[in-house]
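These notes are about the structure you will find just below.
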Amino acid sequence: MIFNHSTGQSQDTNSADHKTTNRAFNRPITLAEWEDRELPMPDFLLGQWLTTTSRVLIVGPTGLGKTNFGLALAFNVAAGKDFLHWKAVRQSRVLYIDGEMPRRLMKERLLDAGRRANVKPDGLFVLSREDVDLPPLNSEEGYRFMLDLIDSRGPFDLIVFDNIQALLIGDMTTEEQWAKVLPLVRGLSKRSIGQLWFHHTGHDEKKSYGSKAREWQMDTVILMKREGADQESDIEFGIQFTKARERTPRNRSDFDEVTISLRDDRWHSNRVEKMSKDTGDALRDLEALIRDQAEAGPCGDTMVLRDDWRVRSNVTWSARKPEARKKAFNRANDALAKRGTIVVNGNCVGLAKRQDKGTGGTLSLH
């Protein structure tokens with residue numbers, strides 16, 4: 001017999017509940033037992049960050065291109081094709097669940113994504129909420145719906161949920177509603193089905209809308225960030241892996257911060273090189289100066305006088321002494337020129353055009 005502190009009563013140690021608890025102590029817990037365990041290797045789908053057991057949260061502001069990006073991922077993963085700088089491993093069965101887009105627009109997005117990927121994968125399945133009476137996924141009915149769907153149309157290697165606010169119900173600012181989804185999240189992992197959840201940011205575009213509790217159960221969290229406007233790009237955003245359990249020194253490049261864009265109907269990617277705050281400030285000043293030109297000046301409409309750029313940056317650094325401002329500007333100018341970010345023609349300076357390649361299986365990173 002043992003004493004139960006919660007009830008204040010004695011309990012038979014031979015009871016079913018106690019035997020169930022005792023079975024946990026038959027599991028490996030010593031270091032030697034862990035060293036001897038034979039565990040399966042991850043079943044990678046794309047790069048080193050997406051597997052059949054991954055739990056991924058991708059967060060981004062409204063209108064940044066989440067659905068286009070998600071469909072591009074789904075097409076290439078299903079087809080077993082490299083996407084951007086991430087290497088594909090094999091063809092996969094991918095289910096994409098859209099919770100808010102009209103069927104007409106979804107059809108257009110699918111046709112666009114297929115044309116860009118140059119493939120129509122047999123393993124890609126797309127479910128529109130307009131076509132089915134899809135219960136909220138944070139309800140018992142939604143949980144059962146997903147299990148029935150997997151049993152009837154699966155198996156699947158990856159499910160993309162687009163997006164949390166459209167597929168769940170209730171107040172997203174608290175932990176309560178997401179806690180109701182955890183049985184589904186854990187159930188998919190037990191079935192070796194990777195999951196990719198899209199979610200919105202709030203007014204603060206540096207973090208996801210509502211409770212941070214969603215990130216606790218995730219292996220990977222990706223933040224999509226607004227980038228400077230590029231007239232050549234239809235879509236452009238940066239991505240940053242704010243959480244990456246699979247990251248190691250050997251695969252770190254798969255988790256690099258990159259800028260992703262859709263230009264000329266092809267996806268592109270550039271590695272984001274770290275720069276000092278002063279260099280970043282000077283670059284933003286130059287971009288703003290070129291963008292704000294009312295009309296073409298002596299350097300044309302894509303370049304400005306270097307002295308005008310210096311004056312603009314001096315305003316940014318107005319709290320510093322003149323000599324400190326001069327040194328900061330010269331260092332920033334040299335750093336940007338060395339990186340190939342700017343081009344100089346006499347007294348004129350402008351932004352260099354990017355020379356990266358689109359995704360057709362290979363990609364150059366800068």
Sort through Arg284, Arg291 and tell me the only one that's under 30 Å from the mean Cα position of the chain (by Cα), closer than 25 Å to Met224 by Cβ, surrounded by fewer than 14 Cβ atoms within 10 Å (Cβ to Cβ) and not assigned by TED's automatic domain parsing to the domain that holds Asn118.
-> Arg291
Within segment 49-63, can you find the residues that are under 23 Å from Gly114 (Cβ atoms) and surrounded by fewer than 21 Cβ atoms within 10 Å (Cβ to Cβ)?
-> Gly63
Could you check how many residues of segment 80-136 are under 21 Å from the mean Cα position of the chain (by Cα), among the basic types (Lys, Arg) and not in a loop (DSSP other than H, G, I, E, B)?
-> 2
Which one of Ile150, Ile169, Ile222 is among the β-branched types (Val, Ile, Thr), modelled with pLDDT of 95 or more and part of a loop (DSSP other than H, G, I, E, B)?
-> Ile169
Residue within segment 325-338 that is under 30 Å from Gln240 (Cβ atoms), in a helix (DSSP H, G or I), under 28 Å from the mean Cα position of the chain (by Cα) and not assigned by TED's automatic domain parsing to the domain that holds Asp254 present = yes
Selection status of Leu286, within 29 Å of Thr51 (Cβ to Cβ) and outside any loop (DSSP other than H, G, I, E, B) = no
Counting only residues that are surrounded by fewer than 20 Cβ atoms within 10 Å (Cβ to Cβ) and under 14 Å from Ser54 (Cα atoms), segment 185-215 contains a total of 8
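Looking only at segment 289-320, count every residue that is assigned to a loop (DSSP other than H, G, I, E, B) and of a type outside the set (Lys, Arg) and tell me the total. Quick ask: steps written out before the conclusion?
Our first condition is that a residue be assigned to a loop (DSSP other than H, G, I, E, B); within segment 289-320, this holds for 292-296, 298-299, 301-302, 317-320.
Subsequent filtering for residues that are of a type outside the set (Lys, Arg) retains 292-296, 298-299, 301-302, 317-319.
Matching residues across segment 289-320 total 12.
Specify the residue that is surrounded by the most Cβ atoms within 10 Å (Cβ to Cβ); the eligible residues are those in segment 315-364 that are of a type in the set (S, T, N, Q) and at pLDDT 90 or above.
Within segment 315-364, the match that is surrounded by the most Cβ atoms within 10 Å (Cβ to Cβ) is Asn333.
Matching residues to (1) under 15 Å from Val94 (Cβ atoms); (2) crowded, with 16+ Cβ neighbours inside 10 Å:
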| position | (1), (2) |
| --- | --- |
| Arg115 | no, no |
| Lys120 | yes, no |
| Gly123 | yes, yes |
| Val126 | yes, yes |
| Asp131 | no, no |
| Leu137 | no, yes |
| Glu140 | no, no |
| Arg144 | no, no |
| Asp148 | no, no |
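The values are calculated or read from the model by the stated rules, or taken from the named source; none is laboratory data. Predicted, not measured: the structure shown is a model, and the values here were computed from it. We place every Cβ from the backbone using ideal geometry, glycine too, and count neighbours over all the protein chains shown.
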